[in-house]
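Report on the following structure.
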Amino acid sequence: MKTGPIAFVFLLIALVIPVSGQKVRKETFEFEGKKRSYYLFVPETANREHPAPMILLLHGSGHNGSSLTDKWKALAISEGIVLVAPDSLNSETWNIPLDGPDFLHELISQLKSTHPIDSRRMYLFGHSGGAIMALHLALIESEYFAAVAVHAGMLQKGDGPIVEQATRKTPIYIVVGTNDPLFPLEGVHATHDYLTKRGFEVQLVEMKGHDHWYYDLAPKINAEAWLFLKMQKLAAEPRYTQYTFKK
């Protein structure tokens, strides 16, 4: 089910022109006694008069934040997007609560205090393990993030309570390859159907013949995901809710 203004997607890709001097920086800060790393890109066009949208990028298992900033940077330059890509504590997996929501909220709060970020246009994007985490965060903090886009991700068994507790129907975009061995179409369709029956706006895109590997097709995947994300905006200032999770 492939939808969207394809011509404009190609235009977005064509406008991706590297600009010298705009670099991704690796930064660190301490959270709950641990040194945490993240990758940050702030476009030169962002300023207090014109705050920029932000995408929180959640990497796939076995990778780190730079694996996504490398693929999003060109589009972020042309579209004026702040990119924030934290490393999970264990690169093989994302864990709640060790990797969020509180860790991510603290990171974003620090960045908002020093960079011109549009708080009503903060988005999530995740790949694979990061996609599962992004979906969870979009439901747990539905009034904090404006929308979520994922490549190769779906809900897991037992996620029903997370869906039911969402106080806002977060707009969701899911793209999956028809040949993905880790996230088969049956499971992704079940996620789509479960969410739409509960009132969520879910756009599902199937990439014919595509497998699980995101990186070679990242420019196309990212451009289409951004077309969905950029149309979403919180109606009011974001509201973060703190929960108690079992560690």
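Each reported figure results from applying straightforward, stated rules to the coordinates on display, with no laboratory input. Note that the structure is a prediction, hence the values are computed from the model and not measured. Here Cβ is always computed from backbone atoms with ideal geometry, including for glycine, and neighbour counts include all displayed protein chains.
Worth pointing out:
- Ranked for footprinting exposure by Cβ neighbours inside 10 Å, fewest first, Phe41, Phe245 give Phe245, Phe41.
- The DSSP beta bridges internal to the range 137-247 are antiparallel in roughly 0% of cases.
- DSSP bridge pairs, the chain: antiparallel proportion in percent, nearest 5: 35
- Computed FRET value (nearest 0.05) for Lys26 with Trp213, which takes r as the C-beta separation and R₀ as 22 Å: 0.35
- Unit charges on C-beta of K, R, D, E only; dipole of the chain, Debye: 300
- Where the alpha-carbon atoms of the range 173-247 are placed on the principal axes, they occupy 40, 30, 29 Å, in descending order.
- Using C-alpha pairs under 8 Å with a sequence gap of at least 6, the mean separation divided by the residue count of the range 141-247 gives a relative contact order of 35 percent.
- Looking at the range 16-108 alone, DSSP beta bridges between its own residues are antiparallel in about 80 percent of cases.
- Summing Cβ point charges (Lys, Arg +1; Asp, Glu -1) relative to the Cα centre of the range 79-172 gives a dipole of roughly 300 debye.
- Net charge dipole size for the range 168-247 [Lys, Arg +1 and Asp, Glu -1 on Cβ; Debye, nearest 20]: 580
- Helix-only mean residue ellipticity at 222 nm for the chain, each DSSP H run of n ≥ 4 adding -39500 (n - 2.57), per residue, nearest 500: -9500 deg cm²/dmol
- Fewest-first sequence of His151, His105 by Cβ atoms within 10 Å of each Cβ: His105, His151
- Annotation: Cα Rg of the chain relative to the compact-globule expectation 2.2 N^0.38 Å equals 0.94.
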